[in-house]
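Have a look at the structure below before the remarks.
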Amino acid sequence: MTAQVKLDEISSRHWDVIVIGTGIGGGSVSRRLAEAGLSVLMLEKGPDLDGQPHVSSDVELADPHDRLSAGRWPLPVRAVVDGRAMELDNIMSACVGGTSRAYAATLERPEPHDLDDSQERPHPTHGWPVGYSEMQPYFDIAERNFLISGETDPLSTIAAPMLRSPRAPTAIDQALATSFRAGGLHPYQTHIAAEFREDCLQCFGYPCPRNCKMDGRSAGVAPALATGRAELLDRCDVTRIEAGQQVQRVHCRRDGHDFSLSARFYILAAGGAASPLLMLRSTSVDWPDGLGNAHDLVGRHLMFHLSELIAIWPNDGVRSTGPSRAISLRDLYFQDGNRFGLIQSMGVDSDYGLILHALRQRFDASRLRRAKPMRPLLRLAPWWVMRGLGPAKVFVGVMEDLPYADNRIIADPADPDRIGIRYSFNEELLGRRAAFRKAMKKAFSKHRTMFLYQAPVLNFAHPCGTLRFGTDPRTSVLNPDCRVHGIDNLYVTDSSFMPTSNGSNPSLTIAANAYRVADLVHKRATETG
């Protein structure tokens, strides 16, 4: 079958569900729906790079077509953070599997207080419209489907029954875990979505060439295709969603050809930044300011996570033999009424450059900065540190961000592929960050440590909250079923649905919610025939 014949066949068919985007949210909802018996068409802006050589993110590509062919978003993101303009590159992918293709595969459960409001642990938004008990069975399914291995958090009262057996720790990880416990902490093995074969390449932070890392493609798209009830159309740019009270069709462009596609139900899962962008540019008489945007909420309440990077050296002289992403701790997840977050090893070792960068930041922030001739001498310090102590393990504190309406995604009417971000650090966030750093320093006081950044660092790979779900159309874009308020057959299953960012990596929550929404759509499809 030629490509044009296949496209003609796909275009002429009325699908049960069209899914826009193939990351964690799109791949997961497609798998669940196809396995339930519905016909599913998956649309992906970028190419399917399965089995193709990986183009390093360090390689500079300026041409939008070349970038898209390599699986990158066509244009760098333009951001204004605290009034400072910057361009952000390599934080968004455009390929089958989405940004998850190059993610670190850390799929940790949130805690009940992340979703539920209680007197003991009040929720900043009075709780999600869907509570932890309703989400729990879908967390179980996600742990099974993503082949997640690791240990149960010793501080948790919530079971993780689908975890696979933990991996054998390296000598340095074992030494760190032992010394953490001696200091009163509660380390456990990080929850990682991968098969961990004997020849595992540890592809955490870049694409896995063997498909043993579980991502949007390997744990979602591929199983969906295997049912025989799903089709994938890559290199398909959805330019507009045509809708009134219902979506009638989506307008697409592929290889220079324009066409439209139709279905009974539509699911948007292009990502926390790209999904609101598509809705904002899908204007009509019914939606003059963009789909679902009757109250100017589409793209607002943008959240990330703050990343607090700290280098930790083991105490007993054990030297690192290479990167490993193995240890997590929740001792500071919620402390003294503060919503902090997970602390986990990043899978990288500190090197000369990281330590020098940290020392220069400290110097520039201290009174010594006036003694400028001393600054070049800092180049000697990392050499002595590395020689005497060896490389440290780099850990990151994943601190929860909260929703503020002025932090948002900005659309550029002149350039539909240009994503803009406007973000300011709220005083509440900065105060909580200072408390988190102080608590981290105290928690690891029995080790040699060094914070690697002095200024706050946003994890731009974790955009969420831009199409938040809720019960009130005046304060949310989606209803509790993740259906767009005012549109009967349009749902959202990526990170944009989240009303708060939680203190853990978002991928497991995205997958679990996608399965939940899939069951709701399947129920409606079955009831309406």
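The values are calculated or read from the model by the stated rules, or taken from the named source; none is laboratory data. As the structure is a prediction and not an experimental result, all values here were calculated from the model. Here the Cβ positions follow ideal geometry from the backbone for every residue, glycine too, while neighbour counts run over all protein chains shown.
For region 1-98, which helices (runs of 4 or more DSSP H) that fit wholly inside it have 1 or more residues that are closer than 23 Å to A525 by Cα? Before the answer, list the steps.
Working: elements: 3-12, 24-35, 64-69.
Hits in region 1-98: 3-12, 24-35.
Is it true that F444 is of a type in the set (F, W, Y), touching a residue at least 12 places away in the same chain (Cβ under 8 Å) and surrounded by 17 or more Cβ atoms within 10 Å (Cβ to Cβ)?
On the way: of a type in the set (F, W, Y): yes; touching a residue at least 12 places away in the same chain (Cβ under 8 Å): yes; surrounded by 17 or more Cβ atoms within 10 Å (Cβ to Cβ): yes.
When the stated conditions are applied, F444 passes them.
So that you can scan it fast, the table gives a plain yes or no per residue for (1) touching a His at 6+ places or on another chain (Cβ under 8 Å); (2) over 22 Å from L520 (Cβ atoms); (3) part of a strand (DSSP E or B):
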| residue | (1), (2), (3) |
| --- | --- |
| E198 | no, yes, no |
| G205 | no, yes, no |
| N211 | no, yes, no |
| V221 | no, no, no |
| Q248 | no, no, yes |
| W287 | no, yes, no |
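Yes/no per residue for (1) outside any loop (DSSP other than H, G, I, E, B); (2) among the aliphatic types (A, V, I, L, M); (3) modelled with pLDDT of 95 or more:
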{"site": "M440", "(1), (2), (3)": "yes, yes, yes"}
{"site": "G486", "(1), (2), (3)": "no, no, yes"}
{"site": "Y491", "(1), (2), (3)": "yes, no, yes"}
{"site": "S501", "(1), (2), (3)": "no, no, yes"}
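Residue by residue through region 158-202, note down the ones that are among the hydrophobic types (A, V, I, L, M, F, W, C) and within 26 Å of Y138 (Cα to Cα).
Filtering region 158-202 down to residues among the hydrophobic types (A, V, I, L, M, F, W, C) leaves 158-160, 162-163, 168, 171-172, 175-177, 180, 182, 185, 192-194, 196, 200-201.
Within region 158-202, I158, A159, A160, M162, L163, I192, A193, A194, F196 meet the criteria.
Inspect region 97-112 for any residue being surrounded by fewer than 19 Cβ atoms within 10 Å (Cβ to Cβ), touching a residue at least 60 places away in the same chain (Cβ under 8 Å) and touching a Lys or Arg at 6+ places or on another chain (Cβ under 8 Å) and give the result as yes or no.
Keep residues of region 97-112 that are surrounded by fewer than 19 Cβ atoms within 10 Å (Cβ to Cβ), which gives 112.
Checking which are touching a residue at least 60 places away in the same chain (Cβ under 8 Å) leaves us with none.
Among the residues of region 97-112, not one is surrounded by fewer than 19 Cβ atoms within 10 Å (Cβ to Cβ), touching a residue at least 60 places away in the same chain (Cβ under 8 Å) and touching a Lys or Arg at 6+ places or on another chain (Cβ under 8 Å), which makes the answer no.
Please go through region 128-171 and pick out each residue that is more than 28 Å from R197 (Cα to Cα) and either part of a helix (DSSP H, G or I) or out of contact with any His (no Cβ under 9 Å at 6 or more places or on another chain) (or both).
W128, P129, V130, G131, Y132, S133, E134, M135, Q136, S156, T157, I158
Out of T449, T475, T471, T466, I need the residue that is polar (S, T, N, Q) and in a strand (DSSP E or B). Which one? Lay out the reasoning, then the answer.
On the way: T475 fails: in a strand (DSSP E or B); T471 fails: in a strand (DSSP E or B); T466 fails: in a strand (DSSP E or B).
Exactly one of T449, T475, T471, T466 is polar (S, T, N, Q) and in a strand (DSSP E or B), namely T449.
Of the conditions (1) surrounded by fewer than 24 Cβ atoms within 10 Å (Cβ to Cβ); (2) of a type outside the set (D, E); (3) at pLDDT 95 or above, S507 satisfies every one except a single condition; which number is it?
(1)
Identify the residue in region 401-441 that is among the acidic types (D, E) and over 28 Å from G290 (Cβ atoms) and, among all such residues, is surrounded by the most Cβ atoms within 10 Å (Cβ to Cβ).
To start, the set of residues in region 401-441 that are among the acidic types (D, E) comprises 401, 406, 412, 415, 417, 427-428.
Imposing the further condition that a residue be over 28 Å from G290 (Cβ atoms) reduces the set to 427-428.
On the way: E427: 8, E428: 11.
Ranking the qualifying residues of region 401-441, first place goes to E428.
Consider A219 against the criteria (1) more than 26 Å from H65 (Cα to Cα); (2) surrounded by fewer than 24 Cβ atoms within 10 Å (Cβ to Cβ): it satisfies all of them except one. Which criterion is unmet?
(2)
If the requirement is being in contact with a strand residue (DSSP E or B) (Cβ under 9 Å, 6 or more places away or on another chain), surrounded by fewer than 18 Cβ atoms within 10 Å (Cβ to Cβ) and more than 21 Å from T125 (Cβ to Cβ), which of these qualifies: P456, P480? Walk me through it before giving the result.
Numbers: P480 fails: more than 21 Å from T125 (Cβ to Cβ).
Result of the check over P456, P480: P456.
Among what's in region 142-174 and is β-branched (V, I, T) and crowded, with 18+ Cβ neighbours inside 10 Å, pick the residue that is nearest to G220 (Cα to Cα). If you could, list the steps in order and put the result at the bottom.
Residues of region 142-174 β-branched (V, I, T): 148, 152, 157-158, 170, 172.
Going one step further and asking which of them are crowded, with 18+ Cβ neighbours inside 10 Å, we end up with 148, 172.
Numbers: I148: 14, I172: 34 Å.
It comes out as I148.
Only one of (1) surrounded by fewer than 16 Cβ atoms within 10 Å (Cβ to Cβ); (2) among the polar types (S, T, N, Q); (3) more than 22 Å from R197 (Cβ to Cβ) fails for S179. Which number is that?
(1)
Does V221 satisfy the condition of being in contact with a Gly (Cβ under 9 Å, 6 or more places away or on another chain) and within 19 Å of R72 (Cα to Cα)?
yes
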